[in-house]
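Remarks on the structure that follows.
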Amino acid sequence: MEILLSRSKGRVIKMTKVYRQVFFMELRNLLTYRADFWINFFGQTFFSLVVAYYLWLSVFEYTGSQSMQGYTLQGIIFYYLMAPLISRIQQGQGIGFAAREIYDGQLNKYLLYPLNYFGYKFAAYFAYSSFYIGQLFLILFLYNLFFYDPSVYQFSLAGIFLFLIAMTLACVLFFFLFSLTEFLAFWFDNTWSLGVILRFGTSFFGGGLIPLKFFPDWALEILEFTPFPYLIDFPLKALNLDLTVMEFSKSFSISLVWTLFFVFASLKLWNKGQYKYTGVGI
Amino acid sequence: MTRYLRLYAHFLRFSFSKAMEFRVDFFFRVFMDLFFYFVQFVFFNVIYLHTNMLGGWNIDQMQLFVATYIFIDAFHMTFFANNTWWFPISINRGDLDYYLTRPASSFFFLAFKEFAANSLINLLLTGFFLGYILFNYPEPLSPLKILVFLPLLINGAFLYFMTFLIFLMSVFWTSSPRGFADVFYAGEKVMHRPDGIFNGYMRKFFLTILPFSVMASLPVRFLTENNETSILVQIIGASLLIYSIVFILWRLGLKNYSSASS
């Protein structure tokens, strides 16, 4: 018994080391073209903000309101500053992380190595997500430094803590949800467009394009039981401490149920898909 | 010119046979674009639940604007989008060598080789939809203006493509895998918003240097407003500026091109 325990403990330590290596390797990959990376990052942030600012300024000016659906103009700009960053955290590595390898036969190596495929892929995905979380905190720090407005955002450790919980769950949920479209490549070869649909759908129904509070009530009631609001809207509300304990627990529970569902569905699809895999590639 | 048309006919043939290779993906892509169009309409409908005007436009004008930019998007997706995907890869991988040795313009090869047969279905659908919106527009529209509006849409799609190329051509110097494509995709949202929401320097910026507002907003203004001559001049001026920049950058890029696996 003792030998068995020490063997499995040794295996866990070994695997942890491997996944740590994968994590750091992906971080290095991410930063290969540093100038490009930062120009893309600041460019994206700039355009997202400019478009959101002028769009909502126009709406606020025309209606003459100080606040709409609970958002002031500053509040909504903050929302549009954070939402794309959260979206990027949750979307991690990008489309094709498995589908491409299934299509061109590179999946062989994962099947041959003494590795857990999901463990490897999640370590790679998590490297991206972790880095983007760092970016979000950098932007949050700069925002507080230059535009501090306690009515819009107030730094609190509780908010950060709840955000990290909600964000981690969102990442796991999205990873397994996204895996489903990737594993369909076992049957359909090319599934890039499905990934795009999912990303786009997540962004729209999750509150990435427009805050969910602006949706009609009937739509919100339906959305509440889908996985989408828990990918962007929920972490953002957690960061802002815009949730009561009850609301947080409810969102967390629904999100957890969806996560478990997609973990199960993803494993099922992976197991079935392997029987279809020829390992030949193009 | 005839040689290039013949060449393009070959490109079309290859693209259709390639598209039929992945039949399921063919329909996924059609669905992907339809979903994108659906979201665009819902987005503005949600905003109009909270206001009656946006950037000086009511919901009818906004619907015309959305139908216009989804048509431009479909045109771009059909004729140019696949080329923008391969453009930086071809430069980085050194595939450009092959085109440089052909007795035809290397830019023509890189910019027009790929045609998305699946998006052609969406182009037809958005065309019908735009026609429907124009037909049901509550105010009378001059037939002559509609006639000019159509080439303005094609110019909008081409201008979108050329602006994208400016962002991609950075690969000649940075050798990065996608150039500044992500910045372009973020900036592209400007095209999906009416130009009337912008003001001051930002408005001038999006009407000249980075002419996202020229692509769809100005053609709609041309169609629905009265100062048509100045709008036409603005569209032609901004387009010529971008086309010249692409031409200059391409020549400079080729000088900097260091062949395979640069």
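The values are calculated or read from the model by the stated rules, or taken from the named source; none is laboratory data. None of these values were measured; they are calculated from a predicted model. For neighbour counting, all protein chains shown are included, and Cβ atoms are generated from backbone atoms with ideal geometry for every residue, glycine included. Each accessible area value is taken on the protein alone, full model and side chains, heavy atoms only, with ligands, DNA and RNA left out. Shrake-Rupley method; radii C 1.70, N 1.55, O 1.52, S 1.80 Å.
Descriptive notes on the structure:
- Options A:Phe262, A:Phe252: the member that is closer than 27 Å to B:Asp25 by Cβ, away from chain B (no Cβ under 14 Å), at pLDDT 95 or above and within 20 Å of the chain's Cα centre (by Cα): A:Phe262
- Picking from residues in the range A:191-227 that are open to solvent by 40 Å² or more (accessible area, probe 1.4 Å) and over 20 Å from A:Ser48 (Cα atoms), the one that is farthest from the other protein chains (Cβ to nearest Cβ) is A:Phe225.
- Among the candidates A:Tyr148, A:Tyr132, residue that is modelled with pLDDT under 90 and hydroxyl-bearing (Ser, Thr, Tyr): A:Tyr148
- Failed item, numbered, when B:Asn58 is tested on (1) more than 14 Å from every other protein chain (Cβ to nearest Cβ); (2) under 30 Å from A:Leu57 (Cβ atoms); (3) among the polar types (S, T, N, Q): (1)
- B:Ala67 meets each of the listed conditions (1) touching a helix residue (DSSP H, G or I) at 6+ places or on another chain (Cβ under 6 Å); (2) within 30 Å of B:Arg3 (Cβ to Cβ) apart from (2).
- All positions within the range A:41-82 that are within 26 Å of the chain's Cα centre (by Cα) and open to solvent by 60 Å² or more (accessible area, probe 1.4 Å): A:Phe42, A:Phe46, A:Tyr53, A:Gln69, A:Gly70, A:Gln74
- Of residues in the range B:7-21 being open to solvent by less than 40 Å² (accessible area, probe 1.4 Å) and among the hydrophobic types (A, V, I, L, M, F, W, C), the one modelled with the highest pLDDT: B:Phe11
- Leading residue by the ranking (farthest from the chain's Cα centre (by Cα)) among those in the range A:150-175 that are more than 14 Å from A:Phe252 (Cα to Cα) and buried (at least 23 other Cβ atoms within 10 Å of the Cβ): A:Phe175
- Filtered residues of the range A:119-142 (kept if among the hydroxyl-bearing types (Ser, Thr, Tyr) and open to solvent by less than 30 Å² (accessible area, probe 1.4 Å)): A:Tyr125, A:Ser129, A:Tyr132
- All helices (runs of 4 or more DSSP H) inside the range A:46-156 with 2 or more residues being within 12 Å of chain B (Cβ to nearest Cβ): A:73-91, A:99-104
- B:Leu153 vs. criteria open to solvent by less than 30 Å² (accessible area, probe 1.4 Å), closer than 30 Å to A:Ala52 by Cβ and within 14 Å of the chain's Cα centre (by Cα): yes
- Of the helices (runs of 4 or more DSSP H) lying entirely inside the range B:13-128, those carrying at least 1 residues that are among the small types (Gly, Ala, Ser) and in contact (Cβ under 8 Å) with a residue 24 or more places away in the chain are B:59-79, B:81-93, B:106-112.
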